[in-house]
Amino acid sequence: MNWIARYAHFGRAASRLRRRRADRETLVRSAFLVRASTLAAFAVGFAAVAGCARHEPPPDPVRPVQLTQVALGGTADNAVFAGEIRPRHETDLGFRIAGKLVARLVDVGARVRKGQPLARLDPTDVALQADAAKAQVASTQTEVEFAKAEFERYENLFKQHFVSGSVLDQKRNAMLSNKAKYEQAQAQLAVSRNQAGYATLSSEQDGVITAVNAEAGQVVSAGQSVFKLAREDEREVAISVPENRIGELTRGKPLAVVLWADPQKFYAARVREIAPAVDPVTRTFAVRVSVLEPDPAVQWGMTANVVLRGDGAPTSALLPLSSVYRQDGKPAVWIYDPQSHQVTLRAVTIGQYREDGVIVTSGVAGGDWVVTAGVHKLQPGQVVRPWQADAFPARAAPVAAAGKT
C-alpha cells in the first residue's frame, strides 16, 4: 500500500504546483493591464494639456531687398549706330596713257605732297612718239616756207601780167594748206610731249595713300586705278540708319561720334549726306556723318559709334524692369522708407518699355528708394533690409531693432 500513498502524495504536489503557476500568470497579467491603463491615462492627459496650450506664430523674417534711388530726367532714348571712319575725299589715281609700270615709288599709308612722283611707266614709246612729232613739225615747216616763196614769185609775175589770176590763187591755196599742216604738226608735237610727261604719275594734292592696285612689271591701261589718295582735312563716319529713324536725322538733333578705341571722348558731328533711296537688302539708308573737329586719334578704318541724342521728359525716371509689380493688372512699385524700414506699394504710370529698363512718367519722386529685387515676396508695411551696402541710405542700418518692435 505504500505505492498508493506515494502516488497520492505526488498528485497533491503536482496540483499545488499548477495552482501556483496559474496564480503567477494572473498577477503578471493584472500588472500589465494596470501599467497599460496608466500609460493611456497619461497620454490622454498630455494631449488634453497640449491642446489647451497657445502657440505663438514665428515672427516674420526681415527680407533682404535690392534698392535703387530714383533720378528724374536723363531718360532720353539715345540711338547708337556703328560705322567706320572714312575720308571725306578719296580719289583714284591712274596713268593717262597705257604702258608698262617700271617703278612704284610709294606704299600704302605713305603721306605724299602735291606734285610728288608716285609711279613711272616705260618712257621709250612716248619718247619715240615725241621725236616723230618733232620731225613732222620740221617737215611741214619746210613745206610752208617753200609754198610762201612760191606764192611771192607768182604774185610778182601776176603784177607783170605774165600769169593769170587762177594760177596765183592755186599758189595761195597751197601756201595756206601747208601752213595749216604746220600748225597741226605743232599741236601733235605738244600732245606727244604731254604724253611723255604722263609716263610719270604724280600726286595732285596732299594726302595719304590708302590703296595700291598695281605693281612694277604690270601693264596698265589708260585710266586704270593704280593708287587711292585720301585727303586728310576731313573725316566722316559711314553708317546705316533704319527707315523708322531716318526722320530724326533730318530734324537737326545733336550728334556725337565716339571711337571704340576711346569711348570716353566725344566728337561733335553733323549729317553731311543721306542717301535718297533705301537699300533694297538691308532696308536702311546710307548716311555720311562729318566729324567737325577730328584729332590725330581719329584714323581711317577705325570703328566708331554715332550717337543720336533723343528727347526725354524732365519728370520721368528710368527704372529696372524687375522693379515693376502688378496689382490688379496695373503697374506699381515698392517704395522703401529709410526711417521705418518698411515698404509701401505705390501705383505708377509706364511711359515706355526699353531694353535697358522702363520709363516711369508719374508715381515716383526724385530721391525715392525703389525695390528692384524681391518685389513678388513683399507685403505692405513689411520691414525689410537693403541687400547691398552701397545701394541704400545710411540710416537703414538699424533694421534688427525695428524688426523687434
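Within the shell of other residues whose beta carbon sits under 15 angstrom from the beta carbon of ALA147, the net charge comes to -1, with Lys and Arg scored +1 and Asp and Glu -1.
Under the classification rounded if a/c is under 1.5, otherwise prolate if a/b is larger than b/c and oblate if not, where does region 255-343 fall, given a ≥ b ≥ c as square roots of the Cα gyration tensor eigenvalues?
prolate
Starting from the Kirkwood Rh over alpha-carbon pairs, what translational D in µm² s⁻¹ does region 123-198 have by Stokes-Einstein at 10 °C and 1.306 mPa s? The partial results should precede the final answer.
Values: Rh = 13.8 Å.
Using the Kirkwood radius from Cα pairs, D works out to 115 µm²/s.
Under a 5 Å amide H cut-off, with hydrogens placed 1.01 Å from N, ARG270 pairs with SER290, LEU292 among residues at least 5 apart or on other chains. Once Rg and the Kirkwood radius are both taken over the C-alpha atoms of region 171-321, their ratio Rg/Rh works out to 1.28. Rounded to 0.05, the FRET efficiency of the ASP206 and GLU152 pair, given R0 = 41 Å and the Cβ-Cβ distance, is 0.10. Here LYS265 is the anchor, and no lysines lie within straight C-alpha reach of less than 18 Å, apart from those fewer than 8 places off in the same chain.
Legend: distances between Cα atoms for LYS114/LYS253; LYS114/LYS134; LYS159/LYS179; LYS100/LYS179; LYS100/LYS134; pairs beyond 29 Å are LYS114/LYS253; LYS114/LYS134; LYS100/LYS179. Calculated over region 301-377, the projected area of the Cα convex hull averaged across directions stands at 7.3 nm². Taking 13 Å as the straight-line reach from the Cα of LYS171, the aspartates and glutamates in range (excluding those fewer than 8 positions away in the same chain) are GLU143, GLU145, GLU150, GLU152, GLU155. Here's how it looks for THR210: its modeled amide H is under 5 Å from those of GLY109, LYS228, LEU229, ALA230, which are all 5 or more places away or on a different chain. Converting phi to 3J(HN,Hα) with the Karplus coefficients 6.51, -1.76 and 1.60 and the offset θ = phi - 60°, region 343-352 yields 10, 10, 8, 10, 6, 10, 10, 8, x, 6 Hz in sequence order, with x at every glycine or proline. Summing charges over all other residues whose Cβ lies under 9 Å from the Cβ of ALA297, with Lys and Arg as +1 and Asp and Glu as -1, gives -1.
Quick note: the coordinates plus some simple rules give every number you see, no bench work behind them. What you see is a predicted model, and the numbers here were worked out from it, not measured in a lab. Every residue, glycine among them, receives a Cβ derived from its backbone with ideal geometry; neighbour counts consider all protein chains shown.
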